[in-house]
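Input: a single structure, listed below in structure tokens.
Where a number appears in this text, it was derived from the coordinates with a stated rule and is not lab data. None of the values given here were measured: they were computed from a predicted structure. Note that we place each Cβ from the backbone using ideal geometry, even for glycine, and neighbour counts take in every protein chain shown.
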Amino acid sequence: MRVSELFTKTRKDAPADEPSKNAQLLIKAGFIHKEMAGVYVFMPLGLRVLDNIKQIVREEMNAVGGQEVQMTVLQPKDIFEKTDRWDDKKVDNWFKTKLINGSELGMGLTHEEPMVDMLADYVSSYKDLPILVYQIQNKFRNELRAQAGLLRGREFVMKDMYSFAKTQAEHEEIYEKVAAAYHRVYDRLGIGDITYRTYADGGIFTPRFSDEFQMLSPIGEDTIYVDIDKKIAVNKEVINDKRLEQTDVDKTKLQEERAIEVGNIFPLESKYTDTLGVYYIDEAGNRQSIIGGCYGIGVSRLVGALAEHFSDEQGLVWPEAVAPAKVYLVRLGEDGEVVKVADSLYEELQKAGVEVLYDDRKEASAGEKFADADLLGIPHRLVVSQKTLEKGKIEHKKRDKKDISLLDKSDILKTLA
């Protein structure tokens, strides 16, 4: 991708109506466009970041046996009435619409009911279970406080997975496998060391705890209490719950922190399967309840959380795993040899499978190009100029380091690896 061909542009100032750091940075860098409060368009570079996070999540969900589907945004009213989740007095953040004939529909708030409804066509025997099904899809929630950029959206991208098991023991085995997969996701995103599995309220679904995955951050909306040594935490809402006495939490070793919730998993018991009349027949011919679990990761929220965490005064500092490109290649000057070497390097890197954003703009100054390189946060910067070519070298700088080195062209791929 060449910068000269990008229709998006960087900007010096953040919009006055955007108070959140993540949205300010992402808008300035041209990664997102604000459509309205809580609703953002992912532009070409931002979409690359989003897709990279999706792929990491997808790989880890597939690794534990998840099967990906694409559920519908429009949802029928009747299945939510059966589970008592249609009435706005019960769930107050629905977006709803109507067909021409007056029939009411819901818009992608959550998918427990549609997943179970779909499951009815495929599960009847113990031989059909267990099942893990997930999707990565836009969700819609009527948030009252959509003021945190990508951290609290009215339309957002989410991975939600649902497990269906024959027994409580089988469910718990799946549950722990998925929890381990979540830790691998956060490790690959570069936030594993600051993300804690956190005891939280199980709500109406279960007398057990649910689990949140909380990333430490000074701008986080949640208060958690962390045991650094055991790598576990407790949400403030359950810190005085008597059930904690049955866990290995030592309250004397907990320290208070602010955090951003970047994922959650929770038991559903048999609430939805029983209510919607979906059962299985066991080996003895008896009808049995199906035990469910739900596992969510806010994918677009992670874009915002990473932007908050991986940034400095100059701009974004993306981890390589999610960056829109690995290399920002800067061409300084229009001298024939400079253009030839820069173009050649661009082609060679692409052939080697290295994603490159090539700043080939003729009208931009060196200062503008370097400022954009820092703002965009791409991990490696390579510079080709008359000055570097006189030394037979290419300039290299990592975005998260101050040191600048001069490399032989033949050593560039080795250095990037």
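Could you give me the ³J(HN,Hα) list for the range 391-408, computed from phi with Karplus coefficients 6.51, -1.76, 1.60 and θ = phi - 60°, whole Hz, x at Gly and Pro?
Using θ = phi - 60°, the values come out as 9, x, 10, 10, 7, 10, 9, 8, 4, 8, 10, 8, 5, 10, 10, 10, 10, 5 Hz.
With label points built 7 Å along Cα→Cβ from the Cα atoms of Glu348 and Asp84, find their separation and express it in nm.
According to this spin-label approximation, the distance is 6.9 nm.
Between beta-carbons, use under 11 Å as the cut-off and find the net charge around Ala364, counting Lys and Arg +1, Asp and Glu -1.
0
Could you state the number of Å between the C-alpha centres of the range 292-350 and the range 385-417?
The two parts, judged by their Cα centres, are 17 Å apart.
So, in Å, what gap is there between the alpha-carbon centers of the range 266-291 and the range 143-194?
24
Can you tell which of Thr388, Leu407, Gly292 lies farthest toward the positive end of the dipole of the range 290-417, using +1 and -1 charges on the Cβ of basic and acidic side chains (Lys, Arg; Asp, Glu)?
Looking along the dipole axis, the top candidate is Gly292.
Among Ala14, Tyr175, Leu189, which residue has its Cα positioned farthest towards the positive end of the charge dipole of the range 11-309, with +1 placed on the Cβ of Lys and Arg, -1 on the Cβ of Asp and Glu, and the dipole taken about the Cα centre?
Ala14
DSSP loop (so not H, G, I, E, B), at most 16 other Cβ within 10 Å: list which trypsin sites (Lys or Arg not before Pro) in the range 195-304 pass both filters.
Arg208, Lys230, Lys231
Most mobile of Glu257, Glu143, Glu283 per a Gaussian network model of the chain (Cα springs, under 10 Å)?
Looking only at Glu257, Glu143, Glu283, the biggest GNM fluctuation is shown by Glu283.
May I ask for the distance between the Cα centers of the range 351-383 and the range 60-117, given as a whole number of Å?
Cα centroid to Cα centroid, the span is 43 Å.
Taking the chain as a Gaussian network, where each spring joins two C-alpha atoms under 10 Å apart, which residue of Ile174, Ile404, Ile239 fluctuates the most?
With Cα springs under 10 Å in the chain, the top fluctuation among Ile174, Ile404, Ile239 is at Ile404.
Along the charge dipole of the chain, which of Val39, Gln255, Ile79 sits closest to the positive end, that is, farthest toward it, with unit charges on the beta carbon of Lys, Arg, Asp and Glu (+1, +1, -1, -1)?
Val39
Taking the mean number of other Cβ atoms within 10 Å as a proxy for protection, how do you rank 96-102, 217-223 from highest to lowest?
Put in order of decreasing packing, that is 217-223, 96-102.
May I ask you to evaluate 6.51 cos²θ - 1.76 cosθ + 1.60, the Karplus curve with θ = phi - 60°, for each residue of the range 337-343 and list the ³J(HN,Hα) values in order in whole Hz, giving x for glycine and proline?
Per residue, the Karplus-derived 3J(HN,Hα) values read 5, 4, 4, 4, 5, 5, 4 Hz.
Suppose every Lys and Arg Cβ carries +1 and every Asp and Glu Cβ carries -1, with no other charges. What dipole size does the range 327-416 come out with about its Cα centre, to the nearest 20 debye?
So the dipole magnitude of the range 327-416 works out to roughly 340 debye.
Around Glu320, under 14 Å between beta carbons, what's the net of Lys plus Arg minus Asp minus Glu among the other residues?
+4
DSSP loop chymotrypsin sites (Phe, Trp or Tyr not before Pro) in the range 258-361 with at most 15 other Cβ atoms within 10 Å of their Cβ, which ones? Present the calculation step by step, with values, prior to reporting the outcome.
Numbers: sites: Tyr272, Tyr279, Tyr280, Tyr295, Phe310, Tyr328, Tyr346, Tyr358; in loops: Phe310.
Of the chymotrypsin sites (Phe, Trp or Tyr not before Pro), not one in the loops of the range 258-361 has a Cβ with at most 15 other Cβ atoms within 10 Å.
Enumerate the amide H contacts of Val39 below 5 Å, restricted to partners 5 or more residues apart or on another chain; note that Pro and chain-start residues carry no placed amide H.
Amide H to amide H, under 5 Å and 5 or more residues apart or across chains, Val39 pairs with Arg154.
Evaluate the charge dipole of the chain about its Cα centre and quote only its size in Debye, nearest 20, assuming +1 on the Cβ of each Lys and Arg and -1 on the Cβ of each Asp and Glu. Numbers along the way, then the final one.
Working: 59 positive and 72 negative charges, 184 e Å.
Roughly 880 debye, rounded to the nearest 20.
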